[in-house]
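To start, the structure under review is shown below, and the notes come after it.
The values are calculated or read from the model by the stated rules, or taken from the named source; none is laboratory data. Bear in mind that the values here come from a model prediction, so they are computed numbers and not experimental data. FYI the Cβ positions are ideal-geometry reconstructions off the backbone, even for glycines, and counts take in every protein chain you see. Note: accessible area is taken over every heavy atom of the protein model, side chains too, but ligands, DNA and RNA are not part of it. Shrake-Rupley method; radii C 1.70, N 1.55, O 1.52, S 1.80 Å.
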Amino acid sequence: MSEVKVSRETFNDVMVPNYNPPAIIPVRGEGSRIWDQQGTEFIDFAGGIAVNALGHSHPRLVAALKDQADNLWHLSNVFTNEPALELAKRLTELTFAERVFFCNSGAEANEAAFKLVRKYAFDNFGPEKNEIISFEKSFHGRTLFTVSVGGQKKYREGFEPAPGGITHVEYNNLEALKEAISDRTCAVVMEPVQGEGGIIPATPEFVKGVRELCDQHNALLVFDEVQTGAGRTGELYAYMGMDVTPDVLTSAKGLGGGFPVGAMLTTAKIAESLGMGTHGSTYGGNPLACRVALEVINTLSDEKLLADVKRKFGLFVDGLESIGAKHGIFEDVRGSGLLVGGELKGEWKGKGPRFLAAAREEGLMLLVAGPNVLRMTPSLIISDEDIKEGMIRLERAVAKVVAEGADA
Ligand SMILES: Cc1ncc(COP(=O)(O)O)c(C=O)c1O
């Protein structure tokens, strides 16, 4: 173990206080296990918030990264490069898309998408068609445009004035969308499963209805697949299991398997609206990032692997339901693939962070989606043994919290 030179206290001394991490500092990961500075081992049900799609230090990703590191790190968008072209080619082969824009994060992919839908409407229908409709509780990132399209006021507050022309309606409520949409709408933006909002899957009727309404009003349909994409739901992209095709799709998180990368995917016709000089990113399409993402996508686009993600959803649901039945903490267990949520009930509502802290004490990393939902987004190749062991640790953590009582 290396000598510890920095600790959690250092964070308060040198970092902007927009996060409040726990005391432990992880230093190494392998598969779905992580070790902290003291050598304590954790099972990772958090997966870097749906990022470590192939776990930690996957040999194929490590090899791809090292090989690329020996050759070419960065060029900027003045030149194109082989990994970017190969990744874009692969993404267009595997999805509805014909054109790709690369960037570095989910927020940036969405920023590009929101700019594109406005520009496409401007080019094809005129400046009046500029309204974006999105959904309450949605999350699309932390830039000013993305917190404005996002349906959670708390992320906007204090940063106003926000960009205008954005309306939020209730998710899974087609009537509400019908009321709000018009020929001035340039796009409807949705997550196929709301992630940060509480692991809320769109109903099949809703998704189809949204597509139809968009078509009726010449509005583009944007799927934010930053969290649901790259195999997370057991489909390479969630739309593939929904009988609906979006016009624009954003991907990040799992796409890089831990290396920062984002992508916006669209059709050739729509892409024309981001002509030369209209948008850009210095790092977007960086060879290191694209080489790793290509390895991620090639590994994930495997029917057996994706089918196994759906099977493991069953293991998570069974584990959570059995803990819920024993300790009476869950009102609902839901999700899609390895995006799983357990909604807390009754006196346990709002106590998500307590369960997280107790789980950590037992050697398990998990997440919340808002204060009422325990969220799990592990590696897509987590072993059955690690799921089982993680559930044993979770059960111990839940038992401790329940024994202390809701008001402790
Ligand atoms: C659906 C969705 N969109 C966008 C984002 C923002 O991605 P990033 O944090 O990479 O900017 C997130 C992150 O949680 C997300 O879940």
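At a glance:
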{"quantity": "Any hit, segment 94-106, residues being assigned to a helix (DSSP H, G or I), under 23 Å from V188 (Cα atoms) and either modelled with pLDDT under 95 or open to solvent by less than 70 Å² (accessible area, probe 1.4 Å) (or both)", "calculated": "yes"}
{"quantity": "Residue in segment 41-53 that is without any contact (Cβ under 8 Å) to a residue 40 or more places away in the chain, more than 24 Å from E295 (Cβ to Cβ), open to solvent by less than 100 Å² (accessible area, probe 1.4 Å) and not in a helix (DSSP H, G or I) present", "calculated": "no"}
{"quantity": "Scope segment 354-408; condition in contact with a Pro (Cβ under 7 Å, 6 or more places away or on another chain) and assigned to a strand (DSSP E or B); matching residues", "calculated": "V368"}
{"quantity": "Only listed residue being open to solvent by 50 Å² or more (accessible area, probe 1.4 Å), of a type in the set (S, T, Y), touching a residue at least 60 places away in the same chain (Cβ under 8 Å) and within 30 Å of A289 (Cα to Cα), chosen from T233, T245, T250", "calculated": "T245"}
{"quantity": "Where a residue in segment 85-110 is within 13 Å of the ligand (Cβ to nearest atom) and its partner, wherever it lies, is of a type in the set (D, E), with Cβ under 8 Å and at least six apart", "calculated": "C103/E111; G106/D224; N110/D224"}
{"quantity": "From V62, V78, V51, residue being out of contact with any strand residue (DSSP E or B) (no Cβ under 6 Å at 6 or more places or on another chain), away from the ligand (no atom under 16 Å from the Cβ), among the hydrophobic types (A, V, I, L, M, F, W, C) and not assigned by TED's automatic domain parsing to the domain that holds G231", "calculated": "V62"}
{"quantity": "Hits in segment 230-265 - residues which are away from the ligand (no atom under 16 Å from the Cβ) and of a type in the set (S, T, N, Q)", "calculated": "T245"}
{"quantity": "Number of positions in segment 202-229 that are within 12 Å of the ligand (Cβ to nearest atom) and not aromatic (F, W, Y)", "calculated": "7"}
